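> Quick one: structure below, then a few questions.
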Amino acid sequence: MRASSLFTTITAFMASQKPETVYPINGLGVTPAMGWNNWNAFACSVNEDLLISTAEKMAAFGLRDAGYEYIVLDDCWSLGRDSKGNLQHDPAKFPNGMKYVAEKIHSLGFRFGMYSDAGSYTCARYPGSLGYEKQDAITFASWDVDYLKYDNCHNQGLSGTPKITSERYRTMTDALRAAGRPILYAICNWGEDFPWKWGPTVANSWRMSGDIYDSFDRPDPRCPCSGDEYSCAYPGSHCSVMNILNKAASIIDTSLPGAFNDLDMLEVGNGGMDDEEYKSHFSFWAAVKSPLLMGNDVNVMDAKALSILNNPAIIAVSQDPLGVPAVRRWRYYVNDTNQYGQGEIQMWSGPLFGGDQLVILLNAGNSSRTMNATLADIFCVATGIAKEIQEDWDVYDLWANRMDDATAQSIIDGTSIMGAGTSVASFYYNATQVSYKEGLAANDPLLYGKLTGTVTAGGAIETEVPRHGVAMLRLRKRTTTSFKVQDV
Ligand code: GAL
């Protein structure tokens with residue numbers, strides 16, 4: 001064959017091949033998963049009513065439409081295996097079986113998530129899926145499950161290197177694929193064996209720390225590794241928001257669209273943090289593209305928790321089409337201690353859709369303070385000077401249009417009717433009708449917060465940040481004549 005015709009043949013062959021989609025592994029979860037998981041508030045107290053009534057409440061509160069899509073059942077749902085080795089649900093907790101629960105959840109407009117473990121037992125000592133991956137994946141598919149959380153307890157020593165652990169988890173990746181149903185795959189091995197190095201070829205997300213605890217910064221011996229450097233032999237539990245965030249800082253840039261570091265379920269609304277702390281927690285989980293799984297009891301949700309969880313300007317950061325996590329640009333210790341030790345301040349930033357830039361100023365000190373950040377730090381690049389530093393920017397505060405308490409309370413009390421034409425509609429974004437991507441492209445003001453100032457070329461942002469709070473800001477390039485988005 002002549003060289004030129006060989007070239008033509010190869011070119012034609014390559015054009016006929018669809019590029020291999022490596023990330024996400026299954027085409028699912030291109031933006032971080034959103035939903036609810038029972039573990040943080042209910043642990044093993046699970047049953048059919050809890051899942052279905054939570055889904056009903058979330059729909060009524062507008063949270064389904066805001067994007068919280070998955071209702072995820074955690075550990076303790078099973079009874080054992082039958083004589084053929086099939087997983088059995090506990091009939092006392094789930095009298096109508098799991099397929100029935102899936103059907104109910106689907107009929108309410110949600111997707112259904114379940115839990116198993118890449119070991120012989122789950123953490124609460126129910127049967128695990130190690131050695132039963134194919135059979136269990138088929139069972140989950142037959143129950144119409146849409147999401148699998150896959151834990152790491154009792155793994156029979158099959159850990160210790162990235163190769164051993166990733167292969168154990170990949171067995172379930174393959175089993176889910178073979179089972180033929182699209183099932184989002186959320187692995188939960190607490191950062192053991194560096195899942196951020198191999199996770200994107202195995203799962204849609206991977207836990208990168210020990211279990212979260214409902215505290216902003218309380219140290220706990222059960223969470224022995226500090227976040228100052230990521231080298232953690234025993235991930236543990238009872239890890240505070242600051243502990244997890246500081247661990248995430250060194251590895252968060254490994255997330256990709258469809259393959260995200262998971263900082264664990266949210267604690268917003270569980271009562272252990274104050275309002276500013278919960279806002280900080282939620283802001284960061286959105287900014288770094290962690291999955292956003294609510295972890296509270298929606299039956300006792302208060303107005304402040306609802307107006308954090310339903311803030312469309314923050315959720316739009318989580319669901320940003322670029323899927324790029326914000327990264328930490330600087331961190332300083334400050335002489336402003338609480339009972340747990342030295343305070344600190346940090347600045348994180350990262351790119352958003354449309355050439356915008358996210359900036360978060362975090363005040364983890366013990367009192368309110370004025371903080372600032374230069375454009376040079378916000379647009380920090382490895383070499384040279386970012387051209388963005390020479391631009392003028394409008395500054396949008398993403399918390400400024402948060403829903404007021406009275407409106408949030410009226411939604412919780414059921415005295416406010418959700419939907420177009422009501423005052424509530426002016427606070428809510430309905431992502432089931434118009435995706436966040438489309439809304440951002442259409443400059444929907446709900447997604448852009450409130451214009452609060454400008455920063456000119458070479459300048460700096462300066463703002464007051466409350467104790468344990470954040471300023472969560474979106475910079476938009478300033479056009480010469482007008483603002484891009486009408487202020488609301
Ligand atoms: C832990 C996991 C928690 C929860 C619990 C259930 O390993 O990190 O999120 O799933 O197991 O036993």
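> Condition test on ALA118, is it within 16 Å of the ligand (Cβ to nearest atom) and more than 30 Å from PRO312 (Cα to Cα)? Full working, then the answer.
Details: within 16 Å of the ligand (Cβ to nearest atom): yes; more than 30 Å from PRO312 (Cα to Cα): yes.
Yes, satisfied.
> Considering every residue within segment 31-40, establish whether at least one is touching a Pro at 6+ places or on another chain (Cβ under 7 Å), within 16 Å of the ligand (Cβ to nearest atom) and assigned by TED's automatic domain parsing to the domain that holds SER240.
yes
> Sticking with this one: Return the residues of segment 41-60 that are more than 16 Å from the ligand (Cβ to nearest atom) and touching a helix residue (DSSP H, G or I) at 6+ places or on another chain (Cβ under 7 Å); say none if nothing qualifies.
Scanning segment 41-60 gives GLU48, ILE52, THR54, ALA55, LYS57, MET58.
> Now for a separate question. Only one of (1) open to solvent by less than 10 Å² (accessible area, probe 1.4 Å); (2) of a type outside the set (Ser, Thr, Tyr); (3) more than 16 Å from the ligand (Cβ to nearest atom) is not met by ASN152, so which one is it?
Here ASN152 clears every test but (3).
> Here is a follow-up. For segment 196-232, what are the residues that are open to solvent by less than 20 Å² (accessible area, probe 1.4 Å), in contact (Cβ under 8 Å) with a residue 60 or more places away in the chain and over 16 Å from the mean Cα position of the chain (by Cα)?
Of everything in segment 196-232, those that are open to solvent by less than 20 Å² (accessible area, probe 1.4 Å), in contact (Cβ under 8 Å) with a residue 60 or more places away in the chain and over 16 Å from the mean Cα position of the chain (by Cα) turn out to be VAL202, PHE216.
> Sticking with this one: State yes or no: is ASP264 among the acidic types (Asp, Glu) and open to solvent by 40 Å² or more (accessible area, probe 1.4 Å)?
no
> Given the criteria within 18 Å of GLU167 (Cβ to Cβ), more than 16 Å from the ligand (Cβ to nearest atom), open to solvent by 10 Å² or more (accessible area, probe 1.4 Å) and modelled with pLDDT of 95 or more, does TRP190 qualify?
When the stated conditions are applied, TRP190 does not pass them.
> Check LYS93, LYS149, LYS99 and return the single one that is in a strand (DSSP E or B), in contact (Cβ under 8 Å) with a residue 12 or more places away in the chain and not β-branched (Val, Ile, Thr).
LYS149
> Determine which single condition ASN299 fails, assuming it passes every other condition in (1) open to solvent by 10 Å² or more (accessible area, probe 1.4 Å); (2) touching a residue at least 60 places away in the same chain (Cβ under 8 Å); (3) touching a strand residue (DSSP E or B) at 6+ places or on another chain (Cβ under 7 Å).
In the conditions (1) open to solvent by 10 Å² or more (accessible area, probe 1.4 Å); (2) touching a residue at least 60 places away in the same chain (Cβ under 8 Å); (3) touching a strand residue (DSSP E or B) at 6+ places or on another chain (Cβ under 7 Å), ASN299 misses (3) alone.
> For the list (1) within 24 Å of ILE187 (Cβ to Cβ); (2) small (Gly, Ala, Ser); (3) surrounded by 24 or more Cβ atoms within 10 Å (Cβ to Cβ); (4) more than 16 Å from the ligand (Cβ to nearest atom), I need the number of the one condition that SER290 fails.
Here SER290 clears every test but (4).
> Hey, another quick one. In segment 64-80, which residue that is part of a strand (DSSP E or B) and surrounded by 15 or more Cβ atoms within 10 Å (Cβ to Cβ) is farthest from the chain's Cα centre (by Cα)?
LEU79
> Another question, then. Here are some residues: LYS197, LYS134, LYS163. Which one is in a helix (DSSP H, G or I), farther than 24 Å from TYR234 by Cα and more than 16 Å from the ligand (Cβ to nearest atom)?
On inspection, the qualifying residue turns out to be LYS134.
The values are calculated or read from the model by the stated rules, or taken from the named source; none is laboratory data. Every value quoted in this text rests on a predicted model; they were computed, and no experiment measured them. Neighbour counts run over all protein chains shown; Cβ positions are idealised from the backbone, glycine included. These accessible areas exclude ligands, DNA and RNA; they are computed on the full protein's heavy atoms, side chains included. Shrake-Rupley method; radii C 1.70, N 1.55, O 1.52, S 1.80 Å.
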